[in-house]
Amino acid sequence: MKKIIVLYAISATCLSIATQKILMISIPKCGTHLLINTLDFIVDSHYRNWPKDQFALNQIELDNMSGPLFAGHILYNESNRQLIRDNNFVIFFIIRDPRDQCISMMYWVRKHPLSKELVKDLDDDTLLTDLIQNHLSVYPEAVKSKHQELCNGGNINDFYNLFLPWMQCKNVYTIRFESLVGKRGLGSHQLQMETLEDILNHLHIYKNPTYIHSMGRYLFGHSMTFRKGHIGEWKTHFKEHHKVLFKEVAGQLLIDLAYETNLDW
């Protein structure tokens with residue numbers, strides 16, 4: 001049985017679809033459900049397997065998948081790498097502009113039952129500053145205590161680097177939130193169509209153009225965690241001191257991920 005990491009990797013129109021499995025890896029608040037909805041649509045499945053520990057894979061859970069898709073915020077470490085090697089998944093990894101990730105996280109932690117008490121006394125200015133310079137401060141100790149990587153603190157650059165090595169792994173297809181979100185998320189329709197075709201190609205599935213266009217119309221906003229989903233939302237929230245701080249701790253990260261070409265933004 002061929003397994004896949006990231007989103008669904010099967011198609012009813014493909015003769016060789018049969019037993020593919022997919023793993024979707026995402027950095028929190030980087031478009032997890034956008035990519036999951038995409039894979040769900042492609043493989044016509046509504047069974048999403050999530051690890052009990054959102055940051056780690058578990059062989060028992062993988063053995064008992066109820067559908068073709070397994071998704072999580074899987075940390076890059078030896079244990080998770082070994083499980084991926086052992087299970088032969090098709091893998092997708094989604095990233096997002098770290099500045100927009102911070103804004104999405106800022107709103108999310110205010111309503112999440114495990115985090116809202118930690119941030120209730122912080123105004124948005126202070127919370128955003130914390131998310132830039134000590135991103136893991138918003139995570140409850142019960143979550144962080146399970147992983148040494150999460151116990152050491154760290155700014156937004158350090159947080160991203162807990163996941164980014166997946167981009168360099170063989171057979172991992174990296175997708176940008178900005179490329180998949182489409183016009184309704186202030187992105188490009190053409191780029192969305194090209195990205196959907198690339199996802200299908202990675203899964204070795206063929207769909208006609210009409211199907212791909214209908215998929216693009218469906219994707220945006222179908223998520224219980226959805227708030228706004230717009231590209232460049234950070235521009236309406238970052239004050240000058242947030243920009244200065246972000247450039248200091250993660251300016252090079254933006255350049256490395258090709259979200260900026262220099263620090264003049």
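The values are calculated or read from the model by the stated rules, or taken from the named source; none is laboratory data. Computed from a predicted model, the values in this text were never measured in an experiment. Using ideal geometry, Cβ is built from the backbone for each residue, glycine included, and neighbour counts are taken over all protein chains shown.
Tabulated data
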{"item": "Conditions (1) of a type in the set (A, V, I, L, M, F, W, C); (2) surrounded by fewer than 22 Cβ atoms within 10 Å (Cβ to Cβ); (3) not assigned by TED's automatic domain parsing to the domain that holds residue 27; number of the one not met by residue 105", "result": "(2)"}
{"item": "Residue ranges of helices (runs of 4 or more DSSP H) in the range 10-119 with at least 1 members modelled with pLDDT under 90 and among the β-branched types (Val, Ile, Thr)", "result": "32-43"}
{"item": "Residue that is at positive phi, of a type outside the set (Asp, Glu) and under 18 Å from the mean Cα position of the chain (by Cα), where the choices are 153, 187, 182", "result": "182"}
{"item": "Out of 70, 55, 92, sole residue that is closer than 23 Å to residue 231 by Cβ and under 18 Å from the mean Cα position of the chain (by Cα)", "result": "92"}
{"item": "Output for the range 148-192, where each listed residue is surrounded by fewer than 16 Cβ atoms within 10 Å (Cβ to Cβ), touching a Gly at 6+ places or on another chain (Cβ under 9 Å) and hydrophobic (A, V, I, L, M, F, W, C)", "result": "186"}
{"item": "Cβ-Cβ under 8 Å pairs, at least 6 apart or on other chains, the range 38-63 side in contact (Cβ under 8 Å) with a residue 24 or more places away in the chain and among the charged types (D, E, K, R), far side surrounded by fewer than 17 Cβ atoms within 10 Å (Cβ to Cβ) and assigned to a loop (DSSP other than H, G, I, E, B)", "result": "40/46; 44/12; 53/146"}
{"item": "Meets criteria (more than 20 Å from residue 54 (Cα to Cα), acidic (Asp, Glu) and not in a strand (DSSP E or B)) for residue 194", "result": "yes"}
